[in-house]
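Structure record follows, encoded as structure tokens.
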Amino acid sequence: MTDDDQVPGTGRDEPAIRPGGPDDAPHVLRLLDDATAWLVARGRTGQWGTEPASTDPRRVAQAQEYAASGGLYLAVLGDRPVGALVVGATVEYVPPVDEPELFVRLLVTDRAYAGRDIGGRLLAYAAELTRAAGIGLLRVDCYAGDDGALVRWYERAGFTRTERFTVARPGRPPWPGQVLARRLA
């Protein structure tokens, strides 16, 4: 660790953000598995269910797609990924917009590093990517069920609620979602 790795005034390591690649799918799955276990331990099973992503062939394929997409970025402390961000085109279940945008397809952080604003740092990086591409709109969708805490977290990060939507899931309860947007200058 060097002095450049410190968050000014905190004495804590600041994660570096690096592009991901095909070899990083296992890191995405570990982060998803850990976050799912954390949610399940708190009785919050509506967002990602109860089973580890790494045991679901659909989620494994999705992690591999994310890792190969060119839109995966990892927050790392030393050599340990502590957060993942995937940006790209809007997901199919979200209402499209009539202007260029960058869409946050996944944001997940390692709960062992809670309180270090890793998710906020990754969203700030997404905003930088959006601006660098000459785009003025960054959007995200998130789980809007339970007590709405995740929606409020995105609002504290500078996003504004736009459309609500529901994803039908045969054999399972529908998934309530919220789209949020952030205008960038």
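The values are calculated or read from the model by the stated rules, or taken from the named source; none is laboratory data. It should be emphasised that the depicted structure is a prediction, and the values quoted were computed from it without experimental measurement. Positions of Cβ are generated from backbone atoms using ideal geometry, with glycine treated the same way; all protein chains shown enter the neighbour counts. Heads up: the accessible areas ignore ligands, DNA and RNA and are worked out on the full protein's heavy atoms, side chains in. Shrake-Rupley method; radii C 1.70, N 1.55, O 1.52, S 1.80 Å.
For the residues Ala144, Ala127, the requirement of being farther than 19 Å from Ala75 by Cα and out of contact with any Asp or Glu (no Cβ under 9 Å at 6 or more places or on another chain) singles out Ala144.
This table checks each residue for (1) of a type in the set (Gly, Ala, Ser); (2) under 22 Å from Trp38 (Cα atoms); (3) over 13 Å from the mean Cα position of the chain (by Cα).
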{"residue": "Arg59", "(1), (2), (3)": "no, yes, yes"}
{"residue": "Gln64", "(1), (2), (3)": "no, no, yes"}
{"residue": "Ala67", "(1), (2), (3)": "yes, no, yes"}
{"residue": "Leu77", "(1), (2), (3)": "no, yes, yes"}
{"residue": "Glu101", "(1), (2), (3)": "no, no, yes"}
{"residue": "Leu106", "(1), (2), (3)": "no, yes, no"}
{"residue": "Tyr125", "(1), (2), (3)": "no, no, no"}
{"residue": "Gly134", "(1), (2), (3)": "yes, no, yes"}
{"residue": "Asp141", "(1), (2), (3)": "no, yes, no"}
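Scanning segment 163-185 for residues that are part of a strand (DSSP E or B) and open to solvent by 70 Å² or more (accessible area, probe 1.4 Å) returns Arg164, Thr166, Arg183. Would you be able to say whether some residue in segment 141-161 is under 28 Å from Glu14 (Cβ atoms), open to solvent by 60 Å² or more (accessible area, probe 1.4 Å), without any contact (Cβ under 8 Å) to a residue 24 or more places away in the chain and part of a helix (DSSP H, G or I)? Scanning segment 141-161, I find at least one residue that is under 28 Å from Glu14 (Cβ atoms), open to solvent by 60 Å² or more (accessible area, probe 1.4 Å), without any contact (Cβ under 8 Å) to a residue 24 or more places away in the chain and part of a helix (DSSP H, G or I), so the answer is yes.
Among residues of segment 41-54 that are closer than 16 Å to Gln178 by Cβ, those with a Cβ under 6 angstrom from a residue that is open to solvent by less than 60 Å² (accessible area, probe 1.4 Å) and assigned to a loop (DSSP other than H, G, I, E, B), sequence gap 6+ or separate chain, pair up as Gly46/Gly145. Residues that are within 21 Å of Val87 (Cα to Cα) and either touching a Ser or Thr at 6+ places or on another chain (Cβ under 6 Å) or modelled with pLDDT under 95 (or both) within segment 29-57 comprise Leu29, Asp33, Gln47, Trp48, listed in sequence order.
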